[in-house]
Amino acid sequence: MKAFLGMGLLGSNFVKAMIRNGDQVQVWNRTSAKAAALEPIGAKAFPHPSDAVRNAGIIHLTLKDDSTVDEVLALAAPGLQPGATIIDHTTTSAAGAIERTAAWKERGFSYQHAPVFMGPQNALEGTGFMLVSGDQAVIGKLEPKLAAMTGKVLNFGPEAGRAAGMKLIGN
């Protein structure tokens, strides 16, 4: 089971592709109608982030910025299953990615920042570029799944936050 928080154009198309590939996906969005719009194709929408992440081993995020990521993860935390992996595709600061990586590890979760260079159509088609950096063991386990989402994963090494920095430079 996967969860996806943030049903903007990018997030909703990631979810459509996941469902097309046979994944079960639980979704949440601040504007609940955006999440509910995905139910006819097989997503299960929830009114609260903690409900959307319940029983999900992998949680994806596409949100607005650092503060929104922190706020939504705080709301989701009570529903996280032990050892869940959080994959954040949000364009955030390098400092925020570093802080979240350490904080969530301390709580017993893997947090992987994985921003993307792609548009909504790429998310639907599984094409584009995803950037990662940090714990190489975590990345090694996730890379095949991430590559299926974007076609290409660019690994910037063991320094948490480097992918965020590269994304910001690229913007």
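The values are calculated or read from the model by the stated rules, or taken from the named source; none is laboratory data. In this text, all values refer to a predicted model and were calculated from it rather than measured experimentally. Don't worry about glycine lacking a Cβ; one is built from the backbone with ideal geometry, like all the others, and counts go over all protein chains shown. Accessible surface is based on the protein model in full, side chains and every heavy atom, while ligands, DNA and RNA are left aside. Shrake-Rupley method; radii C 1.70, N 1.55, O 1.52, S 1.80 Å.
For ASN55, all conditions in the list (1) at positive phi; (2) in contact (Cβ under 8 Å) with a residue 60 or more places away in the chain; (3) over 15 Å from the mean Cα position of the chain (by Cα) hold save one; what is the number of the exception?
(2)
Any idea which of GLY151, GLY170 is at pLDDT below 95 and under 22 Å from ILE19 (Cβ atoms)?
Every option except GLY151 fails the conditions.
Can we say ASN171 is surrounded by fewer than 16 Cβ atoms within 10 Å (Cβ to Cβ), more than 18 Å from ALA3 (Cα to Cα) and not hydroxyl-bearing (Ser, Thr, Tyr)?
yes
Can you name every residue in the range 102-117 that is touching a Phe, Trp or Tyr at 6+ places or on another chain (Cβ under 8 Å) and farther than 16 Å from ASN155 by Cα?
The answer is ALA103, TRP104, LYS105, SER110.
Just checking, does the range 49-61 include any residue being open to solvent by 20 Å² or more (accessible area, probe 1.4 Å) and hydrophobic (A, V, I, L, M, F, W, C)?
For the range 49-61, residues open to solvent by 20 Å² or more (accessible area, probe 1.4 Å) and hydrophobic (A, V, I, L, M, F, W, C): present.
Can you find a residue in the range 128-135 that is at pLDDT 95 or above, part of a strand (DSSP E or B), within 16 Å of HIS60 (Cα to Cα) and among the β-branched types (Val, Ile, Thr)?
Yes, there is a match, as at least one residue in the range 128-135 is at pLDDT 95 or above, part of a strand (DSSP E or B), within 16 Å of HIS60 (Cα to Cα) and among the β-branched types (Val, Ile, Thr).
Kindly check whether there is at least one residue in the range 68-79 that is among the polar types (S, T, N, Q) and either in contact (Cβ under 8 Å) with a residue 24 or more places away in the chain or open to solvent by 50 Å² or more (accessible area, probe 1.4 Å) (or both).
Within the range 68-79 (the criterion being among the polar types (S, T, N, Q) and either in contact (Cβ under 8 Å) with a residue 24 or more places away in the chain or open to solvent by 50 Å² or more (accessible area, probe 1.4 Å) (or both)), the answer is no, since none of the residues qualifies.
Exactly one of (1) open to solvent by 30 Å² or more (accessible area, probe 1.4 Å); (2) part of a strand (DSSP E or B) is unmet by LYS145. Its number?
(2)
Would you pick out the residues in the range 130-155 that are within 16 Å of THR92 (Cα to Cα) and either more than 14 Å from the chain's Cα centre (by Cα) or in contact (Cβ under 8 Å) with a residue 40 or more places away in the chain (or both)?
MET130, SER133, GLY134
GLY83 passes all but one of (1) at positive phi; (2) open to solvent by less than 10 Å² (accessible area, probe 1.4 Å); which number fails?
(2)
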